[in-house]
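Chemist: First, the structure itself, so that you have it in front of you.
The values are calculated or read from the model by the stated rules, or taken from the named source; none is laboratory data. All values derive from a computational prediction rather than experimental measurement. Cβ placement follows ideal geometry from the backbone for every residue including glycine, while neighbour counts extend to all protein chains displayed. Please note that ligands, DNA and RNA were not included when accessible areas were found on the heavy atoms of the full protein model with its side chains. Shrake-Rupley method; radii C 1.70, N 1.55, O 1.52, S 1.80 Å.
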Amino acid sequence: MPAKELQSPCMDCREVESTVHIRKRHLCNDCYTTFVSYKTFKHMEKYRLLRGLPQDRPCKLLLPLSFGLSSSVLLHMLHRQIEVQRSKPHAPAGFDLHVLVIEPSTISPSVPVHDEGFELVQKFFPLCAFTRLPLEGIFDLVPDIQNVLHEYAGGTFTDNSSLPNKERLDVFRASISTATSRTDVDTTLMTRLIVAFAQKLNCYGIVWGDTNGRLAAKALANVAKGRGASVTWQVADGMSPWGLEFIFPLRELFRVEVQPYAGLTPELARIVIPDEPPLENTLTKNLSIDELMMRYVQTQGEKYPGIMTNVTKTANKLQSPKNTADIPQCALCHSFLFRPDSSIDGAGDANASEGSPIPRFCYACERSRPDLSC
């Protein structure tokens with residue numbers, strides 16, 4: 001009996017019906033999964049044989065997991081890659097993955113506590129180690145942060161060390177008046193917490209779950225906020241100011257290209273926290289620059305994906321400055337201060353002349369300080 005004719009055969013295997021349309025190609029589920037997984041596999045392959053590190057044990061990497069779509073899909077892909085590595089008897093050590101969850105409810109009160117999700121990821125991905133921390137854990141992992149926050153907020157914030165860390169952090173965040181500054185500071189604090197935890201574990205680098213569109217939005221937002229100098233490590237693969245590699249394995253994939261992956265993976269459906277739909281009636285002035293750039297990329301990226309790809313490719317070509325050992329760093333975000341003698345209000349020079357050691361801030365952090373962002 002002749003085989004049934006396929007209406008829309010997969011363009012790779014030609015054996016089954018296509019189910020996914022990606023990059024002008026119609027693929028079946030298996031071929032689609034192979035396509036997107038290989039993008040990540042190829043990106044992470046260099047950590048099998050990493051020069052300068054002991055070859056008798058795996059390279060330790062940290063993956064921050066937000067329970068969002070991209071970081072959850074990346075976790076699943078990397079876990080499968082670790083399974084393949086360990087199934088080969090004489091393969092190189094490869095890499096170990098430690099997953100850090102910053103409890104989403106401590107970042108945004110509108111997000112419920114996701115205890116079930118944390119239990120499920122430990123069950124579904126047994127080859128990874130897991131840790132969960134609240135955002136206020138930064139007070140424990142970065143001891144000097146309280147002095148930095150006090151100096152950064154100025155007279156609008158009075159730190160009471162006798163209060164629980166959560167209340168101390170809430171008071172500080174409440175002292176910041178604009179949406180852009182609040183988002184910027186929250187992102188900076190999360191990065192500091194993730195980096196401090198990675199350093200505690202002696203990790204070689206941090207694996208971020210940002211897709212191409214997300215990286216394009218970050219590049220545009222950072223330039224708009226005056227953080228252009230940080231694009232070399234916030235968007236591009238390479239060394240960060242903390243001496244840790246920042247790695248973006250999903251940089252060649254768009255969010256819409258990884259979305260079917262989650263739909264084809266039953267365990268991810270129980271883990272991923274859906275994104276809150278954007279409110280159409282929200283005034284532009286109430287949105288942060290980060291939110292505006294993300295909305296722009298989501299709407300225009302579907303029409304002109306090549307432009308967004310060019311943004312991330314251009315950012316990835318940027319190189320970090322060499323010989324940074326003697327260059328001072330911003331006390332809050334740790335960006336390099338190429339003009340450490342300059343400040344917005346001249347306070348830096350005044351205090352320096354008095355000889356009192358105070359935290360120095362980069363141009364972008366100075367702009368977002370409460371006494372200047374009102």
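Chemist: Starting from the stretch 92-114, keep only residues that are closer than 15 Å to ALA129 by Cβ, then list their pairs with residues that are assigned to a strand (DSSP E or B) and of a type in the set (S, T, N, Q) whose Cβ atoms are within a distance under 8 Å, requiring at least 6 positions of separation or different chains.
Modeler: Sorted first by the residue in the stretch 92-114, then by its partner, the pairs are HIS98/THR131; VAL99/THR131; LEU100/THR131; VAL101/THR131.
Chemist: While we're on this one: Please go through (1) surrounded by 16 or more Cβ atoms within 10 Å (Cβ to Cβ); (2) at pLDDT below 90; (3) among the hydroxyl-bearing types (Ser, Thr, Tyr) for SER71 and return the number of the only condition it doesn't satisfy.
Modeler: Result: SER71 fails condition (2) only.
Chemist: While we're looking at this one, here's another question. Take the residues in the stretch 207-245 that are in a loop (DSSP other than H, G, I, E, B) and acidic (Asp, Glu); name whichever of them is surrounded by the fewest Cβ atoms within 10 Å (Cβ to Cβ).
Modeler: Looking at the filtered set, the residue picked out is ASP237.
Chemist: Exactly one condition in (1) under 23 Å from the mean Cα position of the chain (by Cα); (2) modelled with pLDDT of 85 or more is false for GLY306; which is it?
Modeler: Status for GLY306: all satisfied but (2).
Chemist: Of the numbered conditions (1) open to solvent by 20 Å² or more (accessible area, probe 1.4 Å); (2) in contact with a helix residue (DSSP H, G or I) (Cβ under 6 Å, 6 or more places away or on another chain), PRO266 satisfies every one except a single condition; which is it?
Modeler: Answer for PRO266: the failing condition is (2).
Chemist: Would you check if GLU366 is of a type in the set (D, E, K, R) and either open to solvent by 40 Å² or more (accessible area, probe 1.4 Å) or modelled with pLDDT under 85 (or both)?
Modeler: So GLU366 fails the test.
Chemist: Out of the residues in the stretch 1-25 that are more than 18 Å from SER37 (Cβ to Cβ) and among the acidic types (Asp, Glu), state the one that is modelled with the lowest pLDDT.
Modeler: Ranking the candidates gives GLU5 first.
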